[in-house]
Amino acid sequence: MKQLVILSGKGGTGKTTVTAALAHLASQSHRVVLADADVDAANLGLVLSPVTEATSDFMGGKVAEIDPTACIACGRCAEVCRFGAVRPGEVYAVDSLDCEGCAACFYECPVQAITMVPQHAGQWFIASTRYGPLYHAHLFAGQENSGKLVTLVKQMARLRALEESADLLLVDGPPGIGCPVIAALSGADLVLIVTEPTVSGVHDLVRILGLAAHFKTRAVVLLNKADLSPVHAEAVVAACAAREALVVGHLPYDPEVTASMVRGEPVTTGDGPLNAALRQVWAVLVEQLAL
């Protein structure tokens with residue numbers, strides 16, 4: 001089983017559009033398991049029309065909670081809290097929105113009136129699609145530990161792929177270079193970086209290539225909407241050449257993308273120049289992954 005992770009140094013490059021198209025193409029000849037690792041804004045389902053089969057809660061970090069019947073109002077918890085989360089009074093209390101879960105107050109309380117309570121931080125889902133099972137998640141607003149939730153989604157998807165002897169685990173990763181991205185690229189056989197011909201596209205491509213190199217993960221690059229700015233497209237190619245990163249394709253701008261999104265279908269189910277270009281890209285990826 002091979003693991004292909006789709007990343008982008010920035011949002012809006014067309015990463016999910018490409019992932020949905022590759023899911024469609026891969027499913028025609030291989031057994032595929034899908035994972036949407038963008039837990040802050042999962043949207044692969046908008047194209048794949050998943051049917052939810054199971055929902056599970058995700059428990060994130062812990063926050064402090066003071067038992068009012070045990071609190072002696074000594075104030076030690078407020079003294080050690082660096083985040084101003086403890087509210088003084090006749091009985092002290094913790095503002096869960098300000099609490100960072102450091103547990104300093106828990107260890108310092110002389111009467112053990114404080115407990116660390118796990119937070120319901122989100123949910124993760126198992127769904128079926130016409131291209132294979134899909135694992136995805138939703139992190140609640142303001143919650144942390146998105147990297148932990150990404151790891152959970154990937155682990156469950158990987159177990160499903162192994163159980164079903166799937167050929168490919170296809171992961172739609174989050175944008176950027178932070179903790180969720182690091183969790184997404186962990187264990188990848190190949191990372192496909194989708195970029196665009198803009199100043200920010202080139203800048204963030206360099207960052208994500210550096211991240212992949214740091215973790216010794218093989219990365220290739222796909223240039224989307226390449227014909228919109230030849231100058232910046234050349235800059236993308238030059239950046240890849242300087243870092244010995246293979247450019248697996250140049251995708252044209254195609255209005256069919258919008259039409260396919262309205263239909264709720266991958267762009268490769270329609271007509272147009274992008275369809276043919278993506279099929280060529282998939283052929284290159286099959287060679288790179290030795291599928």
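The values are calculated or read from the model by the stated rules, or taken from the named source; none is laboratory data. Everything numeric in this text was worked out from a predicted model, so none of it was measured. Methodologically, a virtual Cβ is constructed for each residue, glycine included, from the backbone with ideal geometry; neighbour enumeration extends over all protein chains shown.
At-a-glance table
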read-out: Residue selected from region 259-274 under the condition in contact (Cβ under 8 Å) with a residue 40 or more places away in the chain and outside any helix (DSSP H, G or I), by the criterion surrounded by the fewest Cβ atoms within 10 Å (Cβ to Cβ); value: G264
read-out: Test result for A277, buried (at least 17 other Cβ atoms within 10 Å of the Cβ) and touching a helix residue (DSSP H, G or I) at 6+ places or on another chain (Cβ under 7 Å); value: no
read-out: Any hit, region 199-218, residues being touching a Leu at 6+ places or on another chain (Cβ under 8 Å), over 22 Å from K2 (Cβ atoms) and assigned by TED's automatic domain parsing to the domain that holds I6; value: no
read-out: Listing of strands (runs of 3 or more DSSP E) fully contained in region 1-89 that carry 3 or more residues being more than 17 Å from the chain's Cα centre (by Cα) and surrounded by 14 or more Cβ atoms within 10 Å (Cβ to Cβ); value: 51-66
read-out: Tabulated pairs, region 237-258, first farther than 14 Å from T17 by Cβ and in the same structural domain as G12 (by TED's automatic domain parsing), second small (G, A, S) and assigned to a helix (DSSP H, G or I), C-beta under 7 angstrom, 6+ apart or interchain; value: H250/A226
read-out: Complete set of residues in region 99-120 that are of a type outside the set (V, I, T), in a strand (DSSP E or B) and in contact with a Lys or Arg (Cβ under 9 Å, 6 or more places away or on another chain); value: M116, P118, Q119
read-out: Verdict on Y107 being surrounded by 14 or more Cβ atoms within 10 Å (Cβ to Cβ) and hydroxyl-bearing (S, T, Y); value: no
read-out: Long-range neighbours under 9 Å by Cβ, at least six apart or interchain, first residue at pLDDT 95 or above and surrounded by fewer than 24 Cβ atoms within 10 Å (Cβ to Cβ) within region 163-183, second in a loop (DSSP other than H, G, I, E, B) and of a type in the set (S, T, Y); value: D167/S29
read-out: Candidates A290, A226, A212, filtered to the one that is under 30 Å from T151 (Cβ atoms) and crowded, with 21+ Cβ neighbours inside 10 Å; value: A212
read-out: The listed residue being more than 18 Å from A23 (Cβ to Cβ) and over 16 Å from the mean Cα position of the chain (by Cα), out of L168, L205, L185; value: L205
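Residues are listed down the side, and each one gets a yes or a no for (1) more than 30 Å from R31 (Cβ to Cβ); (2) not aliphatic (A, V, I, L, M):
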residue	(1), (2)
M59	yes, no
V86	yes, no
C99	yes, yes
C105	yes, yes
T115	yes, yes
Q123	no, yes
S128	no, yes
